[in-house]
1. Identify all residues within segment 190-208 that are closer than 30 Å to S126 by Cα and either open to solvent by less than 40 Å² (accessible area, probe 1.4 Å) or basic (K, R) (or both); write none if there are none.
2. Take the residues of segment 209-244 that are at pLDDT 90 or above and among the basic types (K, R): which is most open to solvent (accessible area, probe 1.4 Å)?
3. Test of understanding: among S143, S158, S138, S197, which residue is closer than 17 Å to T86 by Cα and in contact (Cβ under 8 Å) with a residue 12 or more places away in the chain?
4. Which residue is least open to solvent (accessible area, probe 1.4 Å), if the candidates are limited to segment 13-41 and must be more than 27 Å from E148 (Cβ to Cβ) and not in a helix (DSSP H, G or I)?
5. Quick one: which of K252, K223, K206 is touching a residue at least 24 places away in the same chain (Cβ under 8 Å) and over 21 Å from the mean Cα position of the chain (by Cα)?
6. Pick from K102, K91, K123: which is surrounded by fewer than 21 Cβ atoms within 10 Å (Cβ to Cβ), modelled with pLDDT of 95 or more and not hydrophobic (A, V, I, L, M, F, W, C)?
7. Could you list, in sequence order, the residues of segment 76-116 that are over 15 Å from the mean Cα position of the chain (by Cα), of a type outside the set (D, E, K, R) and in a loop (DSSP other than H, G, I, E, B)?
8. Restricting attention to segment 142-172, which residues are open to solvent by 30 Å² or more (accessible area, probe 1.4 Å), of a type outside the set (V, I, T) and not in a helix (DSSP H, G or I)?
Amino acid sequence: MKQYRLQLFGLPIINNLKDLSDYLHLSENLLYRLSKFNSKQYISFSIPKRNGDPRIIHCPNKETKAVQVWILRNILEKITLADVATGFREKMGIRENALAHKGNQYFLCLDLDDFFPSIKYAKVYSIFKTMGYNLHVSHLLASLCTCEGALPQGGVTSPMISNIVCIRLDRRIAGYVGKHNVTYSRYADDLTFSSLSFARLLRIRKFVERILNEEGFNLNTAKTRFMGKRTRREVTGLVVGEKSVGIGRQEKRILRVKIYQLLRGKIKEEDKPQRINHINGWLSFLFHIDKDGVGMLKRYAESLNLQHGLRFPAK
């Protein structure tokens with residue numbers, strides 16, 4: 001019965017350690033060590049968050065990384081996610097996350113606290129078990145994807161596993177807020193709600209928080225934001241307008257000034273390579289968000305006699 005479920009989803013049939021070894025072309029002994037002593041397979045370091053607190057990153061070694069890539073490609077990516085999940089997915093990203101709220105006037109943004117570390121081994125184990133793998137294989141796969149009993153931030157499989165863990169969460173929230181004419185989307189640990197009515201957002205907030213708690217997540221209340229008509233409505237770093245999304249007028253204006261300074265020789269010669277790389281990076285990013293904005297900046301640069309290695313992506 002369980003193998004039928006695996007076949008139904010097009011998942012590899014794995015009944016024991018030997019089967020996984022055959023798929024991966026790695027020795028059973030190596031796979032056993034990688035799973036048994038999984039926390040020793042990572043290099044850990046910290047980087048500061050925006051508020052200055054440390055964010056712990058766990059980077060897997062090359063063997064664990066290779067195993068996780070195989071699990072991601074052959075198992076995890078075959079699972080159908082909720083439509084409202086826009087992070088860590090092919091052909092989806094912050095633009096699609098923001099576009100879902102285009103035209104709405106009031107926004108509520110929530111942030112989940114310690115997103116990856118809050119997803120424990122037991123939830124990862126349950127994912128593989130629900131897919132149809134037996135207890136031993138579910139434990140093996142979950143151990144290969146976790147570190148110190150939780151999802152590691154830096155693990156290859158962590159983003160997709162987090163999306164799968166949140167399938168029920170996303171469907172519960174989407175089903176509830178949809179009845180109240182509220183739009184919902186989630187990009188990783190950022191939850192965005194929007195509506196034409198501020199009262200609707202107030203009405204759904206408490207119940208959404210209750211759903212989050214029931215699903216094992218906690219809110220970072222310091223990052224809760226309400227945005228209205230007269231405020232800058234920013235979703236996952238992009239400004240949402242009535243008909244489009246983008247980086248915002250202020251950022252475009254700053255980028256225009258930097259182009260002017262470069263092309264009119266207003267910066268030191270030794271600083272030009274860094275400035276060129278900086279502008280080209282922004283142009284590449286903007287191309288995927290607002291192609292019309294890139295076109296406007298290109299025409300502006302051409303009016304200043306385009307030079308100095310600026311690269312404008314072709315439409």
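The values are calculated or read from the model by the stated rules, or taken from the named source; none is laboratory data. Values in this document were obtained by computation on a predicted structure and should not be read as measured data. Ideal geometry is used to build each Cβ from the backbone, glycine not excepted, and the neighbour counts take in all protein chains shown. The protein model used for the area step is the full one, side chains on, heavy atoms only, and it has no ligands, DNA or RNA in it. Shrake-Rupley method; radii C 1.70, N 1.55, O 1.52, S 1.80 Å.
1. Correct list: L191, T192, F193, I204, R205, K206, V208.
2. R210
3. One residue alone meets the criteria, S158.
4. Step by step, filter segment 13-41, then rank; the result is I13.
5. Answer to the check: K252.
6. Going through K102, K91, K123 in turn, the sole match is K123.
7. I79, T80, A100, H101, G103, N104, Q105 - these are the residues of segment 76-116 that are over 15 Å from the mean Cα position of the chain (by Cα), of a type outside the set (D, E, K, R) and in a loop (DSSP other than H, G, I, E, B).
8. Residues satisfying the conditions are E148, G149, Q153, G154.
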